[in-house]
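**Student:** Dropping a structure here in structure tokens format, bear with me for questions.
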């Protein structure tokens with residue numbers, strides 16, 4: 001049986017609890033993906049996979065269903081520690097070619113920094129498969145222009161959730177996910 005997803009949606013969430021596992025559960029609830037059995041997969045965006053809203057995607061799912069997701073997750077119980085989870089996306093201009101999703105889960109990075117890194121990572125992975133030459137040592141903004149000017153990469157973006165560790169030491173968990181559905 002072949003399973004090539006036709007739809008994808010993106011979500012993110014944060015949870016806090018005195019225990020680590022319930023903190024993760026609360027982050028999944030915040031992202032509206034808690035009632036599913038999540039199988040994490042690697043980072044390929046299938047050809048012809050259409051982005052839909054989170055609400056549209058959740059309506060296509062049933063509680064208990066096995067779903068496939070590229071997921072970034074981070075957690076801390078250290079007071080005031082900044083954590084983030086980010087999914088980067090790079091879509092090729094040719095709809096018959098696959099794209100890339102990346103996961104990034106840093107400590108001490110803002111939404112913007114974590115998101116830019118994840119987006120850059122996905123774009124770099126796609127660029128190397130498309131034969132686009134670029135200098136990995138220049139800033140993301142410069143590489144982004146090279147990638148998009150090549151005409152091979154049509155769009156890149158990111159979804160990021162960050163949070164500051166609870167001041168009283170509760171577990172704080174952040175998730176960002178790309179959910180793939182038939």
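**Student:** Between residue 168 and residue 112, what's the calculated FRET efficiency when r is the beta-carbon distance and R0 is 25 Å? Round to 0.05.
**Tutor:** Approximately 0.40, to the nearest 0.05.
**Student:** Now for a different question. I need the peptides 121-130, 18-27 ranked by packing, meaning the mean over residues of other C-beta atoms within 10 angstrom, with the highest value on top.
**Tutor:** 121-130, 18-27
**Student:** Does a label point 7 Å from the Cα of residue 62, set along Cα-to-beta-carbon, have any residues of the stretch 16-50 with amide nitrogen under 20 Å, and which are they?
**Tutor:** 33-39
**Student:** Continuing with the same structure: How far is helix 140-149 tilted off the main Cα axis of the chain, in degrees rounded to 10, range 0 to 90?
**Tutor:** 40
**Student:** Then there is this: Using a 10 Å cut-off on Cβ atoms, rank the peptides 170-177, 111-118 from the highest mean neighbour count down.
**Tutor:** 170-177, 111-118
**Student:** So, one more: Rounded to two decimals, what is the ratio between the C-alpha radius of gyration of the stretch 17-63 and 2.2 N^0.38 Å?
**Tutor:** 1.40
**Student:** Could you work out how far the C-alpha centroid of the stretch 1-17 sits from that of the stretch 104-164, in angstrom?
**Tutor:** Computed from Cα coordinates, the inter-centre distance equals 20 Å.
**Student:** Shifting gears a bit: Report the antiparallel proportion of the DSSP beta bridges in the chain as a percent, rounded to a multiple of 5.
**Tutor:** Of the beta bridges lying entirely in the chain, close to 85 percent run antiparallel.
**Student:** Mind pulling the angle between the C-alpha long axis of helix 111-130 and the longest principal axis of the chain? Nearest 10 degrees, somewhere in 0 to 90.
**Tutor:** 40
**Student:** What ranking, highest mean first, results for peptides 39-48, 98-107 when packing means the other Cβ atoms within 10 Å averaged over each residue? Spell out each step's value before the answer.
**Tutor:** Values: 39-48: 14.0, 98-107: 21.7.
The packing order, highest mean first, is 98-107, 39-48.
**Student:** Under the rule a/c < 1.5 gives rounded, and otherwise a/b versus b/c splits prolate from oblate, where does the stretch 58-141 land using the Cα gyration tensor? Numbers along the way, then the final one.
**Tutor:** Values: a/c = 3.18, a/b = 1.13, b/c = 2.82.
Oblate shape, in that a/c is at least 1.5 and b/c is the bigger or equal ratio.
Where a number appears in this text, it was derived from the coordinates with a stated rule and is not lab data. This structure is a prediction, so every number in the text was calculated from the model and none was measured. Note that we place each Cβ from the backbone using ideal geometry, even for glycine, and neighbour counts take in every protein chain shown.
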